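Asks: The structure's right below; bear with me while I get my questions together.
Read the figures in this text as sums done on the coordinates, not as results from a lab. Since this is a predicted model, take the numbers as computed values, not measurements. For neighbour counting, all protein chains shown are included, and Cβ atoms are generated from backbone atoms with ideal geometry for every residue, glycine included.
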Amino acid sequence: MSNIIIDVQDVSMCFNMTTEKINGLKEFLIKRIKNQISYTEFWALKDISFQVKRGELFGVLGLNGAGKSTLLKTVAGVLKPTSGKIDIAGRMAPLIELGAGFDAELTARENIYLNGAILGYSKKEMNLIFQEIVDFSELVEFIDVPIKNYSSGMYARLGFAIATATRPDILIVDEILSVGDFKFQQKCELKISDMVRQGTSVLLVSHSIDQIRNLCSKGIILEKGSLIKQGNIEELCDYYYSKYT
Ligand SMILES: Nc1ncnc2c1ncn2[C@@H]1O[C@H](COP(=O)(O)OP(=O)(O)OP(=O)(O)O)[C@@H](O)[C@H]1O
Ligand SMILES: [Mg+2]
């Protein structure tokens, strides 16, 4: 079995953006029929290539708009890259957008099963890890409350607890830990390290250079959609720090 669990090969992502101001759907449709809408291409990712090995904690650094979330979405399969290829060897649990895979009208209990189903787990499998999820999230008193009443930190706790309890081969975390309180962030960091020791690979986006430095061993820096540097995390964080602060 190959040791490479995420293989990103020459991935580019182009978004089409309308360049003129359009007032409402009617005007949009009329202009579209008349072929009067001009689009500009925007390349959010340009020829990105890197590999993540089994049991590696891989950090993605970059300023706002650099393309980090777009990259994570292409790896998670939420977005199809315009060109290039991504090979994934294992079960993945993506934590990309707060509340993704949840139904706000349902309770946390119901959402645990819903989210589990989305990740490919049966009710029976989820029964086995249900208590672990409730315990880790520390939401036992709120477990039968519709999650539309949850705070963003509570959403993050629930999402993180589900994603980690399913013991994925690949965990993808985009910034989500930052809405948790200090205590919960520490708990999540310990959990991530623990999973990595057991062979999980993690792709982590964080604006906290310290968090990336402490947790990750390797990583990349994105700048305006391009990969400008990759390698050892110490070197990468030093470079990032000196370049952008
Ligand atoms: N669906 C979309 N349509 C058009 N443009 C998009 C779309 N999604 C992202 N973009 C653009 O792609 C660029 C990269 O966005 P992305 O969300 O990946 O940045 P990011 O590095 O995650 O930033 P942040 O640190 O703020 O989370 C931005 O300029 C954004 O406007
Ligand atoms: Mg982002």
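Asks: Select from Ile212, Leu79, Tyr121 the residue farthest towards the positive end of the dipole of the chain; place +1 on Cβ of Lys and Arg, -1 on Cβ of Asp and Glu, and compute about the Cα centre.
Replies: With unit charges placed on the Cβ atoms, the residue in question is Leu79.
Asks: In whole angstrom, note down how far apart the Cα centers of segment 74-149 and segment 219-245 are.
Replies: A separation of 30 Å, based on Cα centres.
Asks: If you place +1 on the Cβ of every Lys and Arg and -1 on the Cβ of every Asp and Glu, how big does the dipole about the Cα centre of segment 36-94 come out, in debye to the nearest 20?
Replies: Computed about the Cα centre, the dipole is about 200 debye.
Asks: Once you've got the GNM for the chain with C-alpha springs shorter than 10 Å, pick whichever of Val75, Val173, Val134 has the biggest mean-square fluctuation.
Replies: Sorting by GNM fluctuation, first place goes to Val134.
Asks: A further question follows. If you average 1/r over every pair of different alpha-carbon atoms in segment 61-173 and take one over that average, what Kirkwood value in Å do you get?
Replies: Values: mean 1/r = 0.0671 Å⁻¹.
Here the Kirkwood hydrodynamic radius works out to 14.9 Å.
Asks: Show which lysines lie in cross-link reach of Lys218 when reach means a straight Cα distance below 22 angstrom and same-chain residues fewer than eight apart are skipped.
Replies: Lys46, Lys53, Lys68, Lys73, Lys85, Lys187, Lys191, Lys229, Lys243
Asks: Based on Cβ point charges of +1 for Lys and Arg and -1 for Asp and Glu, what charge dipole magnitude is obtained for the chain about its Cα centre, in debye rounded to the nearest 20?
Replies: 660
Asks: When a/c reaches 1.5 or more, the comparison of a/b and b/c decides; with that in mind, is the chain rounded, prolate or oblate per its Cα gyration tensor?
Replies: oblate
Asks: Here is a follow-up. Give me the aspartates and glutamates in straight-line cross-link reach of Lys148: C-alpha distance below 20 Å, same-chain residues under 8 apart excluded.
Replies: Result set, ordered by chain and number: Glu97, Asp103, Glu105, Glu110, Glu138, Asp181.
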